[in-house]
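J.: For reference, the structure I am asking about is given below.
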Amino acid sequence: KNQVEQSPQSLIILEGKNCTLQCNYTVSPFSNLRWYKQDTGRGPVSLTIMTFSENTKSNGRYTATLDADTKQSSLHITASQLSDSASYICVVSADSGGFKTIFGAGTRLFVKA
Amino acid sequence: GAVVSQHPSRVICKSGTSVKIECRSLDFQATTMFWYRQFPKQSLMLMATSNEGSKATYEQGVEKDKFLINHASLTLSTLTVTSAHPEDSSFYICSARRVEGSGSPLHFGNGTRLTVT
């Protein structure tokens, strides 16, 4: 069964601190993995995309990693800002003829001053 | 800037009435658009795939007669919640890809908050 599991469910950190969000998946055949940021009351916005051969990809203060062998990904946020408060959703695409997109439940991040 | 526009952003309606939500791709043509529903503190749940010029494909458990989808043009898909009830209150979001295929990111609208009283 294709599944995407994220942890933690929620996280509170102080402004300026770093944090790491986790995503484990059992999606096959794997096509790619994206991290999206969703601000409250808004639609998600893509942060990074990882394909099978990529291990690390950065987008500003966001760094995503992918271990295709263990089927794990992480999103590391450096020097957090108040505006980082949002839900972060891990989305994995499977490509078996017609592709399918599976959403994780998300991690709600709260950055406090 | 936004590439997918969704309207309205908020709507309050009475039980039993129907509500139409529009999703537009602003600077590209989308043969396929996706509709999701999101309950508080939960992730997006795909409801249906809207296909231009043909019938929508609904996910298991989603009533097609309840959630009518029309994809009349390459830039517009509409979702109509018919005979809405309080349990239909939710956040509805649409998305589309500039380029078909999983390698292209999904561009999401900003969602529609539906409240049925």
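J.: First select every other residue whose beta carbon is under 9 angstrom from the beta carbon of A:Met50; then total the charges, Lys and Arg +1, Asp and Glu -1. All intermediate terms of the calculation are to be shown ahead of the outcome.
T.: On the way: positive: A:Arg34, A:Lys57; negative: A:Glu54.
With Lys, Arg at +1 and Asp, Glu at -1, the net is +1.
J.: While we're here: Can you pick out the pairs among A:Lys1/B:Lys66; B:Lys20/B:Lys55; A:Lys1/A:Lys71 whose Cα atoms lie more than 25 Å from each other? Each step should come with its number before you reach the end.
T.: On the way: A:Lys1/B:Lys66 28 Å; B:Lys20/B:Lys55 17 Å; A:Lys1/A:Lys71 14 Å.
Too far apart for the 25 Å limit: A:Lys1/B:Lys66.
J.: Kirkwood-based Rg over Rh for chain B (C-alpha set), two decimals? Before the final figure, lay out each step's value.
T.: On the way: Rg = 13.4 Å, Rh = 14.1 Å.
Computed over Cα atoms, the ratio is 0.95.
J.: Leaving out ligands, DNA and RNA but keeping every protein chain, what accessible area does B:His7 have, in Å² rounded to the nearest 10, with a 1.4 Å probe?
T.: 120 Å²
J.: Per residue of segment B:83-99, in order, report the coupling 6.51 cos²θ - 1.76 cosθ + 1.60 (Karplus, θ = phi - 60°) as ³J(HN,Hα) in whole Hz, putting x for Gly and Pro.
T.: 6, 5, 10, x, 5, 7, 4, 5, 9, 10, 10, 10, 8, 7, 10, 4, 10
J.: Quick one: 3J(HN,Hα) in Hz for segment B:62-78, Karplus 6.51/-1.76/1.60 with θ = phi - 60°, rounded, Gly and Pro as x.
T.: Computed from phi, the couplings for segment B:62-78 are 9, 7, 5, 7, 8, 10, 8, 10, 10, 10, 6, 9, 6, 10, 9, 10, 10 Hz.
J.: Here is a follow-up. What's the magnitude of the charge dipole for chain A around its Cα centre, counting Lys and Arg as +1 and Asp and Glu as -1 at the beta-carbon? Answer in Debye, nearest 20. Walk me through the numbers before you get to the answer.
T.: Values: 11 positive and 8 negative charges, 47 e Å.
So the magnitude is around 220 debye.
J.: Right, another one. Return the tail of the calculated pair distribution for chain A, meaning the percent of Cα-Cα pairs more than 26 Å apart. Can you show the working numbers first?
T.: Working: 948 of 6328 pairs.
When all Cα pairs of chain A are counted, 15 percent exceed 26 Å.
J.: How much accessible area is lost when chains A and B come together, counting both sides, with a 1.4 Å probe, in Å² rounded to the nearest 100? Don't skip to the end; give the middle numbers.
T.: On the way: alone 6290 and 6540 Å², together 11350 Å².
When A and B are taken together, about 1500 Å² of accessible area is lost.
J.: Additional query: Per-residue accessible area for B:Glu87 at 1.4 Å probe radius, Å² rounded to 10?
T.: Ignoring ligands and nucleic acids, B:Glu87 comes out at about 130 Å².
J.: Right, next: Amide H neighbours of A:Ser85 under 5 Å, at least 5 residues apart or on other chains, H built in the peptide plane: list them.
T.: A:Val111
J.: I would also like to ask the following. Between segment A:24-47 and segment B:1-80, how many Å separate their Cα centres?
T.: Segment A:24-47 and segment B:1-80 have Cα centres spaced 19 Å from each other.
J.: Let me ask something else. Sort A:Asp39, B:Asp88 by heavy-atom solvent-accessible area, probe 1.4 angstrom, most to least. Spell out each step's value before the answer.
T.: Values: A:Asp39 60, B:Asp88 10 Å².
Sorted by accessible area, descending: A:Asp39, B:Asp88.
J.: Follow-up. Counting only C-alpha contacts under 8 Å and six or more residues apart, can you give the relative contact order of segment B:13-117 as a whole percent?
T.: Numbers: 232 pairs, mean separation 35.4, N = 105.
Result for segment B:13-117 is 34 percent.
J.: In nm, to one decimal, how far is the modelled label at B:Asn70 from the one at A:Ser7, with both set 7 Å along Cα→Cβ?
T.: Distance between label points: 4.8 nm.
J.: Under 15 Å Cα to Cα from A:Lys112, which aspartates and glutamates show up? Leave out anything in the same chain fewer than 8 places away.
T.: A:Glu15, A:Asp84
J.: Using a 1.4 angstrom probe on heavy atoms only, work out the carbon and sulfur share of the accessible area of chain B in %. Walk me through the intermediate numbers first.
T.: Details: 2940 of 5800 Å².
Exposed carbon and sulfur together represent 51 percent of the surface.
J.: Determine the dipole magnitude for chain B: charges of +1 sit on the beta-carbon of Lys and Arg, -1 on that of Asp and Glu, nothing else is charged, the reference point is the Cα centre, and the result goes in debye to the nearest 20.
T.: Approximately 240 debye in magnitude.
J.: Then there is this: Shape verdict for segment B:77-117, please, from the Cα gyration tensor: rounded (a/c under 1.5), prolate (a/b greater than b/c) or oblate. Please list the in-between numbers first.
T.: Values: a/c = 3.91, a/b = 2.79, b/c = 1.40.
Cα axes put segment B:77-117 in the prolate bin.
J.: 5 Å is the cut-off here: which amide hydrogens, built 1.01 Å from N in the peptide plane, fall below it relative to A:Glu54, excluding neighbours closer than 5 in sequence?
T.: none
J.: Within the set of other residues whose C-beta is less than 12 Å from the C-beta of B:Ile21, count the net charge using Lys and Arg as +1 and Asp and Glu as -1.
T.: Numbers: positive: B:Arg10, B:Lys20, B:Arg24, B:Arg37, B:Arg113; negative: B:Glu22, B:Asp88.
So the surrounding residues net to +3.
J.: Which whole-number value in Å² is the accessible area per residue of the protein assembly as shown, probe 1.4 Å? Kindly include the intermediate steps, with their values, before the conclusion.
T.: Values: 11350 Å² over 230 residues.
Averaged over the residues of the protein assembly as shown, the accessible area is 49 Å².
J.: Counting only protein chains, not ligands or nucleic acids, how are B:Thr17, A:Thr40 ordered by accessible area (probe 1.4 Å), most first? Let's see the in-between values first.
T.: Values: B:Thr17 55, A:Thr40 130 Å².
The most accessible residue leads, giving A:Thr40, B:Thr17.
J.: Here's something else I'd like to know. Which whole-number percent is the relative contact order of chain A (Cα, under 8 Å, 6+ apart)? Show your work: numbers first, answer last.
T.: Details: 292 pairs, mean separation 41.7, N = 113.
RCO, chain A: 37 percent.
J.: Pick out, from B:Thr32, A:Gln6, A:Phe30, the residue whose Cα sits farthest towards the positive end of the charge dipole of the protein assembly as shown, with +1 on the Cβ of Lys and Arg and -1 on the Cβ of Asp and Glu.
T.: Projecting each Cα onto the dipole axis, the largest value belongs to A:Gln6.
J.: Another question, if that's okay. Take every residue in peptide A:38-49, count the Cβ atoms of other chains within 10 Å of its Cβ, and give the average of those counts. Don't skip to the answer; put the middle values down first.
T.: On the way: counts 6, 1, 0, 6, 7, 16, 11, 4, 5, 1, 1, 4.
Taking the mean over all residues of the peptide, I get 5.
J.: Putting +1 on Lys and Arg Cβ atoms and -1 on Asp and Glu Cβ atoms, find which of B:Ala56, B:Pro86, B:Pro105 reaches farthest to the positive end of the dipole of chain B.
T.: Going by the Cα projections, it comes out as B:Pro86.
The values are calculated or read from the model by the stated rules, or taken from the named source; none is laboratory data. All values derive from a computational prediction rather than experimental measurement. Cβ: placed from backbone, ideal geometry, glycine included. Neighbour counts: every protein chain shown. We work out accessible area using only protein heavy atoms, side chains counted, and drop any ligands, DNA or RNA first. Shrake-Rupley method; radii C 1.70, N 1.55, O 1.52, S 1.80 Å.
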